[in-house]
Amino acid sequence: VRQFLRAHQDQGVIRKIRLAQPLTLQDQADLEQFFYTGDGVESKETFLQVYGRPQNLAAFIRSLVGLDRRAAKERFAAFLDQKVYTADQIAFVNEIIEHLTKNGVVEPGLLYERPFTDLHQMGPEGLFSEAQAENLVRVLQGINESVLL
């Protein structure tokens, strides 16, 4: 499945998922049609037997293909343009981007676990002001929510 998705990562709705672009109901229908009838998946029934029913097919796919690095950097660019940040603050944001490119999403609760707490034991609140930490989480939530309808 991962190989099939990687081979089609720049096509239609798969590209939108990788770029964190909002999906429409039509995108969801197109995604199911493309994914369940493609070469990488024998049938929807076979997929469900092997993987179970994903809560959200787009989120499942992003977890396999990750988020495009440039798209992740663009999403955080406005946040980073707000002021001058320390090396640790920038490293924290880069760690988020790295995680997004590998795993597709970062739940905000993960920011309080390793490897994020390696930079500060309190996570984002230890590195950023309260307002900055809230803005950081909002950017992250926007990325995560882009695969929701």
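Placing +1 on the Cβ of each Lys and Arg and -1 on the Cβ of each Asp and Glu in the chain, which of Q28, L119, N135 has its Cα farthest towards the positive end of the resulting dipole? Value: Q28.
Using the Karplus relation 6.51 cos²θ - 1.76 cosθ + 1.60 with θ = phi - 60°, the per-residue 3J(HN,Hα) values for the stretch 21-28 come to 8, x, 9, 9, 4, 5, 4, 4 Hz, with x marking Gly and Pro. The slack between T24 and R53, meaning 0.36 nm per residue of separation minus the straight C-alpha distance, is 8.4 nm. Each residue, F34 and K83, gets one label point 7 Å from its Cα in the Cβ direction; the gap between the two is 4.1 nm. Calculated mean residue ellipticity at 222 nm for the chain: -18500 deg cm²/dmol, from DSSP H runs with n ≥ 4 weighted as -39500 (n - 2.57), summed, divided by the residue count and rounded to 500. Relative to the longest principal axis of the Cα atoms of the chain, helix 130-145 runs at roughly 10 degrees. Net charge of the neighbourhood of Q121, taken over other residues with C-beta under 14 Å away and scored Lys/Arg +1, Asp/Glu -1, is -3. Taken over the alpha carbons of the chain as equal point scatterers, the Debye sum produces base-10 log I(q)/I(0) values at 0.19, 0.20 Å⁻¹ of -1.07, -1.15.
Under 13 Å from the Cβ of T37, count the other residues' Cβ atoms, weight Lys and Arg +1, Asp and Glu -1, and hand me the total. Charge balance near T37 sits at -4. Each Lys or Arg adds one and each Asp or Glu takes one away; over the other residues whose Cβ falls under 10 Å from the Cβ of L111, this sums to -4.
Can you tell me the length gained on complete extension of the stretch A91 to V1, counting 0.36 nm per residue apart and subtracting the Cα distance?
On the way: separation 90, 0.36 × 90 = 32.40 nm, distance 3.24 nm.
Full-extension gain reported as 29.2 nm.
Extension gain, E130 to K44: 0.36 nm times the residue separation minus the Cα-Cα distance gives 26.4 nm. For the stretch 108-147, the calculated P(r), taken from all Cα-Cα distances in 10 Å bins from zero up to the bin holding the longest distance, is 32, 52, 16, 0 percent. With the highest mean first, a sort of the peptides 9-15, 65-71, 25-31 on other beta-carbon atoms found within 10 angstrom per residue produces 65-71, 9-15, 25-31.
The peptide list 93-104, 120-131, put in order of mean Cβ contacts within 10 Å with the highest first, becomes 93-104, 120-131.
No value in this document is a laboratory result; all are computed from the given coordinates. Computed from a predicted model, the values in this text were never measured in an experiment. Reconstructed Cβ throughout: ideal geometry from the backbone, glycine too, with neighbour counts over all protein chains shown.
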